[in-house]
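K.L.:
There's a structure below that I have some questions on.
Just so it is clear, none of the values below were taken in a lab; they were calculated from the coordinates. Quick caveat: nothing in here was measured; it's all calculated off a predicted structure. Methodologically, a virtual Cβ is constructed for each residue, glycine included, from the backbone with ideal geometry; neighbour enumeration extends over all protein chains shown.
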Amino acid sequence: MRNQEIDRARLFIYNLLSLLLVENHVKNELPEIKENLKLLSINSFDDDVIEAAASILQNLESGSDDEFYVEYQELFLVPFSSFISLSASYYYEQREGGAMLLKVRDILAKTKIRKDEAHFSAPEDHFGFIFTLAAYLVEQEIKGELDAALQKELFEAVINPFCDEIAYKMMSSDTKIYSYVGAILGNFCNFERSYLDIAKIKAA
């Protein structure tokens with residue numbers, strides 16, 4: 001049986017991951033990102049997450065706003081040696097716009113939400129959008145407007161197979177911000193598996 005207090009905490013983490021992985025948010029929503037990191041750094045489900053959130057916050061406050069956006073660009077947008085893809089289809093079949101895009105669109109079609117093209121230009125299988133959708137699904141669960149099975153389906157089919165690889169790549173990136181974001185992501189994926197009763201699996 002779901003716990004609403006835990007679900008609100010899950011909603012918070014999914015929203016934070018969305019803020020940190022959607023380019024438009026990174027560029028324009030830094031005050032909200034900092035505020036959420038402050039909350040996470042003093043109140044989290046895990047000590048490692050608290051430490052990671054505090055480290056991100058410290059690096060954001062000691063650097064310029066531009067440094068954060070430049071780090072995002074260099075890691076996720078510029079296709080050179082340190083590039084990390086945020087496409088679920090890429091991890092599933094080493095190409096953009098594949099089966100995972102269709103899967104996310106299938107889940108999306110069962111809801112009232114649609115991608116805002118003005119603020120989000122990447123495809124629906126981009127993990128920034130996937131976490132945005134996950135947050136929406138959890139929020140609708142809490143309100144009793146959507147069945148909990150839909151968010152579990154999204155996690156099991158699209159997030160669970162790939163989140164460990166993405167988290168590892170981020171943690172290995174030796175970046176000021178995203179190495180710690182990877183730590184939060186990896187820890188949260190383990191929490192979600194336990195809470196949703198889903199086994200850890202490797203991508204096909």
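K.L.:
What number, in percent, do you get for the relative contact order of the chain if the mean sequence gap of Cα pairs under 8 Å and at least 6 apart is divided by its residue count?
P.N.:
26
K.L.:
Also: When the dipole is taken about the Cα centre of the chain, and only Lys, Arg (+1) and Asp, Glu (-1) are charged at their Cβ, what size is it in debye, to the nearest 20?
P.N.:
The calculated dipole for the chain is roughly 540 debye.
K.L.:
So for 5, 96, fewest C-beta neighbours within 10 Å to most, what's the order?
P.N.:
If I rank by nearby Cβ atoms, fewest first, I get 5, 96.
K.L.:
Give me the number: length gained by fully extending residue 35 to residue 194, i.e. 0.36 nm times residue separation minus the C-alpha to C-alpha distance, one decimal in nm.
P.N.:
That works out to 54.5 nm of additional length.
K.L.:
If you don't mind, there's one more thing I want to ask. Looking at the chain as a GNM with Cα springs under 10 Å, which of 41, 64, 82 has the largest mean-square fluctuation?
P.N.:
Highest fluctuation among the options: 64.
K.L.:
Have a look at 182, 97, 128 and tell me which one the Gaussian network model of the chain (Cα, springs below 10 Å) gives the largest fluctuation.
P.N.:
Fluctuation is largest for 97.
K.L.:
Can you give the helix-only mean residue ellipticity at 222 nm for the chain, where every DSSP H stretch with n ≥ 4 adds -39500 (n - 2.57) and the sum goes over all residues, rounded to the nearest 500 deg cm²/dmol?
P.N.:
-20500 deg cm²/dmol
K.L.:
Here's something else I'd like to know. Once you have the Cα-Cα distance between residue 73 and residue 47, take 0.36 nm times their residue separation minus that, and quote the gain in nm to one decimal.
P.N.:
Stretched fully, the residue 73-residue 47 segment lengthens by 6.5 nm.
K.L.:
Taking R0 as 45 Å, what's the FRET efficiency between residue 66 and residue 148 from their Cβ-Cβ distance, rounded to 0.05?
P.N.:
Efficiency, rounded to the nearest 0.05: 0.65.
K.L.:
Kirkwood hydrodynamic radius for region 4-196: how many Å is it when counted over pairs of different Cα atoms?
P.N.:
16.8
K.L.:
Read phi for every residue in region 42-48 and hand back ³J(HN,Hα) as whole Hz from Karplus 6.51 cos²θ - 1.76 cosθ + 1.60, θ = phi - 60°, with x for Gly and Pro.
P.N.:
10, 7, 9, 7, 8, 5, 5
K.L.:
Another one. Who wins for biggest fluctuation among 173, 62, 44 in a Gaussian network model of the chain, springs between alpha carbons below 10 Å?
P.N.:
With Cα springs under 10 Å in the chain, the top fluctuation among 173, 62, 44 is at 62.
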